[in-house]
Amino acid sequence: MTPRVERLIRRTSLVSGTLGIVLSPLPLVDELLLLPIYGALASRIGKDHDLAFGQMPWKPICATALAGLAARAAVNLTVSYVPGVAAAANAVSAIALTQFFGRYVDEACAHPTDARPLGMQDIINHIRSKKDPSAVPAGAN
């Protein structure tokens with residue numbers, strides 16, 4: 001991963017975490033706003049890999065983004081009506097998912113013909129694990 005992609009993921013994580021805090025009183029609204037943010041993130045990572053828009057492995061990237069947002073929504077709904085806790089959970093889960101997704105996209109763009117989508121359970125397991133945050137689970141490449 002290039003330093004430019006690391007910075008991009010870090011900045012996008014801060015934006016997504018902020019959205020999670022601000023929109024915590026409105027369950028599931030931030031997922032709708034994160035989807036285009038993830039699309040822009042993927043596109044910029046693809047450019048770093050010298051991939052044109054049409055060369056991007058969009059099918060697995062979109063499937064993984066949707067699975068990640070669905071997993072995040074399922075987890076966040078359990079605390080969505082507890083003030084304070086909802087804001088913290090939304091921020092942490094948005095940051096974790098953005099970090100995961102950015103690394104997944106970087107790996108998918110490094111090997112676009114081998115990119116495979118990840119399901120909700122893959123993503124939940126990865127985010128719950130306390131393993132190396134830079135690792136991307138099998139199937140991402």
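Residue-wise test of (1) among the charged types (D, E, K, R); (2) within 20 Å of Leu35 (Cα to Cα); (3) in a loop (DSSP other than H, G, I, E, B).
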position	(1), (2), (3)
Ala67	no, yes, no
Ala70	no, yes, no
Val75	no, yes, no
Tyr81	no, no, yes
Ile95	no, yes, no
Arg103	yes, yes, no
Ala108	no, yes, no
Asp122	yes, yes, no
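So, in the stretch 52-71, how many residues would count as being surrounded by fewer than 17 Cβ atoms within 10 Å (Cβ to Cβ) and not polar (S, T, N, Q)?
Selection size over the stretch 52-71: 8.
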Give the residues of the stretch 83-93 that are crowded, with 18+ Cβ neighbours inside 10 Å and either not hydroxyl-bearing (Ser, Thr, Tyr) or not in a helix (DSSP H, G or I) (or both), sorted by residue number.
Ala86, Ala89, Asn90, Ala91
Checklist (1) modelled with pLDDT under 95; (2) buried (at least 20 other Cβ atoms within 10 Å of the Cβ) applied to Ala74, failing item
(2)
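Checking the structure you have, find out if any residue of the stretch 41-60 is without any contact (Cβ under 8 Å) to a residue 24 or more places away in the chain and polar (S, T, N, Q). Let's see the steps before the verdict.
First pass over the stretch 41-60, keeping only residues without any contact (Cβ under 8 Å) to a residue 24 or more places away in the chain: 43, 47, 50, 52-54, 58.
After this cut, where a residue has to be polar (S, T, N, Q) as well, the list is 43.
Yes, the conditions are met somewhere in the stretch 41-60.
In the stretch 8-36, which residues are farther than 19 Å from Asn76 by Cα and either touching a residue at least 40 places away in the same chain (Cβ under 8 Å) or crowded, with 18+ Cβ neighbours inside 10 Å (or both)?
Hits for the stretch 8-36 are Leu8, Ile9, Thr12.
The values are calculated or read from the model by the stated rules, or taken from the named source; none is laboratory data. Just so we're clear, the structure is a prediction, and the values are computed from it rather than from any experiment. All Cβ positions, glycine included, derive from the backbone under ideal geometry; neighbour counts span all protein chains shown.
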